[in-house]
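**Q** There's a structure below that I have some questions on.
The values are calculated or read from the model by the stated rules, or taken from the named source; none is laboratory data. Computed from a prediction, not measured in an experiment: that's the story for all the values here. Cβ sites come from the backbone with ideal geometry, for glycine too, and all protein chains shown count toward neighbours. Please note that ligands, DNA and RNA were not included when accessible areas were found on the heavy atoms of the full protein model with its side chains. Shrake-Rupley method; radii C 1.70, N 1.55, O 1.52, S 1.80 Å.
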Amino acid sequence: MPGADSTPHHINDFVIKIGTVNGTGSASANTLLMKALFRMGIPVTGKNLFPSNIQGLPTWYEIRANHSGYNARTGRVDMMVAMNAQTYQQDLAEVSPGGYLIYDSSWPRDGQLAREDVHLIGIPLADMVNRHFAPARVRILMKNIAYVGALCALMDIDGDVVRGLIEETFAAKKKLIEPNMQAIALGHDYAREHFECPLPVRAEAMNGTNDHILIDGNQAAALGCLYAGATVGAWYPITPSTSLMDAFESLCKRYRTDPDSGEKRYCVIQAEDELAAAGMVVGASWAGARAFTPTSGPGISLMGEFIGFAYYTEIPAVFFDVQRVGPSTGMPTRTQQCDLMATAYCSHGDTRHPVLLPADPRECFELSVAAFDLADQLQTPVFVLSDLDIGMNDWMVPKLTWDDDYRPERGKILSAEELEELEAFHRFDDVDGDGIPYRTLPGSHRKGAYFVRGSGHNRLGGYTEDASEYQEVVDRLLTKWETARGMVPAPVSIDSGHHTDIGIIAYGSSHGAVVEALDQLAGNGIHANYLRLRAFPFSDEVHEFLDNHATVFVVEQNRDGQMRSLLKLETDVDPGKLVSILHYNGLPIPSDAVSKRIRNHIRKEAVA
Amino acid sequence: MSFIRKPKVEWAGQRRNPLGLTIRDYEGGMSTLCAGCGHDSVTAALVQAFWELSIKPEQVIKMSGIGCSSKTPAYFLSGAHGFNSVHGRMPSVATGALAAHRDLIAVGISGDGDSLSIGMGQFAHAVRRNLNLLYIIENNGVYGLTKGQFSASADPGSKSKAGIENRQQAIDPVAAAISLGGSFAARSFSGDKQQLVPLIKAGLAHPGCAVLDVISPCVTFNDHEGSTKSYAWTRENHESVTSADLVEPAEAIEANYEEGEELPVRLHDDSVIRFRKLEADYDPGDRAHALEYLERHRAEGKVVTGLLYLDQDLPEFHQLSGTARQPLRDTGFEHLNPGADALETLQEKMR
């Protein structure tokens, strides 16, 4: 075993990975650990790498602490907690040279799979908790808390912070506080007595998390729906979007239930399938409510018919696609950015839809609100394209803020009074020349009555199979698309501060990896300007960025370079200058996957 | 039926309902269905029922899917919002619309193709949720718009126009609705306006999903010998189990009600539909008996019509959901958005 001297010091810059068995209650221990680091002021992120299974299969949680705030995966593991005997070999192999592996030495593993370049720390976790706790379930749970205790000693994590968190967590179940405290002490004391504490990989209080929160994207998106005033949510359970509706319903129970009567100012419907969920959203939006559905790729496929219908009949609707790995059922609990094309052009016929691309939970909140406004203003389906990494993982983001002066942008809805004044109402008349007609809500005024039809209709709303009347409507929808271009959230650019003709384009959950890669590249003397896309259709800034750079790397998490394809289709960029940097194995993209490949490409170009 | 639209002419002495509207005010666009189509008779019955009930057209939403039947909403109540959705998925759109605005009066018009094949799932779940919707199935046993294929309601042994015999079992929407836990299941015949109009009124008045299966012969593809959904067959074999008429609210309703013989259905305006039993032993409140009765008559080749099952106490969709009395669509934003302070408090737990 190498001495501590051979281990590089990692203060507030490390990756802890915990391997456990799905269903053994490790999630609360891991949350406790991450929150403790966060409360010490150290920027952190936590990623679940879990199986599509309820109990029994291996699962991992990976915490990255980084004083500079980098939040992407690194490919490094400085501290592995190997709690699953079945993956011990794999877990040990993953530890970075000079790193540490904590294992449960209740079952000695002497000589088994040892690595010379890794420090092995055996703690008899099962033995300790079995001596202290009687009920079987408690023993399993406390074993997890005990490794947190050991890490507190080994990594110098503030014990007061941990104890404070336990008190807060179990404020409503006070009898659980004591066993948790004991388990922390068990792990902590054992580590203290048997190992040199703290290790070179350690935490140190700093000031990097003020005004930040820990939140996942689905929770944040649900908050967005609540704050935007959505009242109808219809859905069919699907990983990884399920927790979005769970969160919305729980928020509504808290904020939208009349305390006296118990009446609900919301309606959440668990539909019989995704087709019905889409129909309910379309029906509710048509009748004037703000309505949404959360789903994932397979759900989008099923909703396609209604999405095309809503596009052509110009009914607002908000669809959250929390992407998972495709094609087909793919890997339901792994992440990808693979539904971009499927959403941008979803459905039969000539259809295209605004797609918003949040990069983290904070943007899930903000862009959810924007999605409802856009859907109403444009009278069309709008997608919020999140993914499992954003939706289900724990992110540190600046606190969400809200302006109480906000009022929903409901778009062109004619009131009963306005209808009274009007000589006649025609549903699809482009009165303002922006491609967006006026609509009326059922039940408001007799003069506003019109007939919604997915079949050919003319400017006035009447049925038609007339060539020119049909074409007039679909051409006007293109005018609306041009209007949308100027309304969607603008991209965010990071200028390198150097004269460079290298550009990088990315979106969504690839952002963190790109930000870190930019610094890594700069360290190698490669400077690139970065444009983070936040929406389709592409606004003028995107066209300018493409024009201004000789080489544009397009970073995304799918096999076929879907954003690169979309840029080729929707702009007049020379395809030769778009270079794909792709990552699509189901795990969140690491930063070096970006920087290495860009470096290699530039080197090759230089040699050529 | 294609015809030249009659101009609306006002004349003295026209009958008007309490809203001051004539029956012509409840008409819609010109029908483009085949001459003699049963669906046009259903349209006429709807016009009559809405007019008689004095429902404001703008309070009504007319929902449909795809198919000949689904064109019907275009032909009545031009002052109401209409929604011709996608094939078989009318119930979900109606569910969403009613979730947003519970006070809208919703009528869904579907067909046997639309509801019993592609839309069977949505039909079942609208019934299961007891959505406050009059769900009319214009049932002709055939796909008209795609020219004559059997539908799921075609009886085994019945023949297509091309002479092919159907060998698969038929789905009976009334039996299905009762089995699914529906609260109102009725059947009628498009050629029997006397029975159909009161049933439509009762369905509109019923707080929940009122399934009304109307045998509505397709004159082009299913009105031949060998069909069990033709005019001739239905006239010959339909058997009323109940009959109905309307009692205006002004009358002393209770006095007209004789227990054991009649079933009163109270409407939203306090008028009452009286159902008189033609069969002494028929109890529309007995689910098991209703199913047994339907099955017994089906085996004899009889088309049983009337109100076949009713449960007035089953909570409808909004009662089940606990939704606010005020339509969600009309709820002020201040009641929906918890505000900046709440967001701040909520985030304390996220630190």
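**Q** Counting just the residues of segment A:230-248 that are open to solvent by 10 Å² or more (accessible area, probe 1.4 Å) and assigned to a loop (DSSP other than H, G, I, E, B), which one comes out nearest to the other protein chains (Cβ to nearest Cβ)?
**A** Ranking the candidates gives A:TYR236 first.
**Q** Same structure again: Which residue is farthest from the other protein chains (Cβ to nearest Cβ), if the candidates are limited to segment B:296-318 and must be surrounded by 14 or more Cβ atoms within 10 Å (Cβ to Cβ) and in a helix (DSSP H, G or I)?
**A** B:HIS297
**Q** Under 6 Å by Cβ, and 6 or more places apart or on different chains, what pairs join a residue from segment A:326-349 that is of a type in the set (Val, Ile, Thr) with one that is open to solvent by 60 Å² or more (accessible area, probe 1.4 Å)?
**A** Matching pairs, first to second residue: A:THR333/A:SER52.
**Q** Now for a separate question. Within segment A:164-176, how many residues are modelled with pLDDT under 95, part of a helix (DSSP H, G or I) and crowded, with 16+ Cβ neighbours inside 10 Å?
**A** Selection size over segment A:164-176: 1.
**Q** In addition: So A:ASN71 passes all but one of these: (1) surrounded by fewer than 23 Cβ atoms within 10 Å (Cβ to Cβ); (2) part of a loop (DSSP other than H, G, I, E, B). Which condition number does it fail?
**A** Failing condition for A:ASN71: (1).
**Q** Filter segment A:529-567 down to the residues that are out of contact with any Lys or Arg (no Cβ under 9 Å at 6 or more places or on another chain), loosely packed, with under 15 Cβ neighbours inside 10 Å and more than 18 Å from A:MET487 (Cα to Cα) and list them by number.
**A** Answer for segment A:529-567, where residues must be out of contact with any Lys or Arg (no Cβ under 9 Å at 6 or more places or on another chain), loosely packed, with under 15 Cβ neighbours inside 10 Å and more than 18 Å from A:MET487 (Cα to Cα): A:ASP547, A:ASN548, A:ASP560.
**Q** I'd like the full set of residues that are surrounded by fewer than 17 Cβ atoms within 10 Å (Cβ to Cβ) and either within 9 Å of another protein chain (Cβ to nearest Cβ) or free of Cβ contacts under 8 Å to residues at least 40 places away in the same chain (or both), limited to segment B:320-332.
**A** B:GLY322, B:ARG325, B:GLN326, B:ASP330, B:GLY332
**Q** Hey, another quick one. So if I check each of A:GLY262, A:GLY308, A:GLY283, which one is without any contact (Cβ under 8 Å) to a residue 12 or more places away in the chain, within 12 Å of another protein chain (Cβ to nearest Cβ), out of contact with any strand residue (DSSP E or B) (no Cβ under 7 Å at 6 or more places or on another chain) and part of a helix (DSSP H, G or I)?
**A** Answer to the selection: A:GLY283.
**Q** In segment B:92-103, how many are open to solvent by 10 Å² or more (accessible area, probe 1.4 Å) and over 13 Å from B:SER321 (Cβ atoms)?
**A** Residues in segment B:92-103 being open to solvent by 10 Å² or more (accessible area, probe 1.4 Å) and over 13 Å from B:SER321 (Cβ atoms): 2 in total.
**Q** Name the single residue, out of those in segment A:458-477 being part of a loop (DSSP other than H, G, I, E, B) and away from chain B (no Cβ under 11 Å), that is surrounded by the fewest Cβ atoms within 10 Å (Cβ to Cβ).
**A** Ranking the candidates gives A:GLU465 first.
**Q** Please go through segment A:189-207 and pick out each residue that is in a loop (DSSP other than H, G, I, E, B) and either acidic (Asp, Glu) or under 22 Å from the mean Cα position of the chain (by Cα) (or both).
**A** Scanning segment A:189-207 gives A:GLU196, A:GLU204.
**Q** Follow-up. Do you know which residues across segment A:356-379 are open to solvent by less than 10 Å² (accessible area, probe 1.4 Å) and in a loop (DSSP other than H, G, I, E, B)?
**A** Once the filter is applied, which keeps residues that are open to solvent by less than 10 Å² (accessible area, probe 1.4 Å) and in a loop (DSSP other than H, G, I, E, B), segment A:356-379 yields A:LEU357, A:PRO358, A:ALA359, A:GLN379.
**Q** Which residues, counting only those in segment A:412-457, are open to solvent by less than 30 Å² (accessible area, probe 1.4 Å) and more than 14 Å from every other protein chain (Cβ to nearest Cβ)?
**A** Listed by number, the residues that qualify are A:PHE428, A:GLY435, A:ILE436, A:PRO437.
**Q** Look at segment B:114-131 and say how many of its residues are open to solvent by 10 Å² or more (accessible area, probe 1.4 Å) and either away from chain A (no Cβ under 13 Å) or part of a strand (DSSP E or B) (or both).
**A** Final tally of qualifying residues: 1.
**Q** For segment B:53-103, which positions are assigned to a helix (DSSP H, G or I), without any contact (Cβ under 8 Å) to a residue 24 or more places away in the chain and within 15 Å of B:GLY28 (Cα to Cα)?
**A** Selection gives B:GLU58 alone.
**Q** If you scan segment A:321-355, which residues turn out to be open to solvent by less than 40 Å² (accessible area, probe 1.4 Å), among the polar types (S, T, N, Q) and at negative phi?
**A** Passing the criteria: A:GLN323, A:THR333, A:THR335, A:GLN336, A:GLN337, A:THR343, A:THR351.
**Q** Here's another thing I want to ask about it. What single numbered condition from (1) surrounded by fewer than 21 Cβ atoms within 10 Å (Cβ to Cβ); (2) within 11 Å of chain A (Cβ to nearest Cβ) fails to hold for B:TRP11?
**A** Going through the list (1) surrounded by fewer than 21 Cβ atoms within 10 Å (Cβ to Cβ); (2) within 11 Å of chain A (Cβ to nearest Cβ), B:TRP11 breaks only (2).
**Q** Restricting to segment A:2-34, give me the number of residues that are under 15 Å from A:MET155 (Cα atoms), modelled with pLDDT under 95 and part of a loop (DSSP other than H, G, I, E, B).
**A** 3
**Q** Here's another thing I want to ask about it. Exactly one condition in (1) open to solvent by less than 20 Å² (accessible area, probe 1.4 Å); (2) not in a loop (DSSP other than H, G, I, E, B) is not met by A:MET396; state its number.
**A** Among (1) open to solvent by less than 20 Å² (accessible area, probe 1.4 Å); (2) not in a loop (DSSP other than H, G, I, E, B), A:MET396 violates only (1).
**Q** Tally the residues that are part of a loop (DSSP other than H, G, I, E, B), surrounded by fewer than 19 Cβ atoms within 10 Å (Cβ to Cβ) and within 20 Å of the chain's Cα centre (by Cα), restricting the search to segment B:277-295.
**A** 1
**Q** Let me ask something else about it. If you go through segment A:578-599 one residue at a time, do you hit one that is out of contact with any strand residue (DSSP E or B) (no Cβ under 8 Å at 6 or more places or on another chain), free of Cβ contacts under 8 Å to residues at least 24 places away in the same chain and closer than 30 Å to A:TRP481 by Cβ?
**A** No.
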